Amino acid sequence: MKILHLSISDYNGGASIAGYRLHRSLIEKGISSKMLVQEKLSNDDSIKQINYQFLNIRYRKFIDNIFWRYQKTSKVTTL
């Protein structure tokens, strides 16, 4: 099984921290897990930051909508 976690950040806010911990737990259990984030704060090699600054604004909004579509709440939290 291969898992891909999508998140705004890897370690900024409650949901991001929970997602990161889940991601690390899966790796420790031997499950293939990757994390794709917009804002990378850790040095973890299994986490990739999406670099979309080169895209025009239409495509950036499309990618942002993909990330926000799966959010359960509109609340934004920071540490």
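The values are calculated or read from the model by the stated rules, or taken from the named source; none is laboratory data. Everything numeric in this text was worked out from a predicted model, so none of it was measured. Glycine also receives a Cβ, built like all others from the backbone with ideal geometry; neighbour counts cover every protein chain displayed. In case anyone asks, the SASA skips ligands and DNA or RNA and just uses the protein heavy atoms, side chains included. Shrake-Rupley method; radii C 1.70, N 1.55, O 1.52, S 1.80 Å.
The candidates 35, 1, arranged from most to least accessible area with a 1.4 Å probe in the full protein assembly, appear as 1, 35.
Seen from residue 20, the other residues with C-beta closer than 9 Å to its C-beta sum to a net charge of 0, counting Lys and Arg as +1 and Asp and Glu as -1. Please list, in chain and number order, the residues 5+ apart from residue 39 or on another chain whose amide H is under 5 Å from its amide H, with Hs placed from the backbone. Those lying under 5 Å, H to H, from residue 39 are 9, 10.
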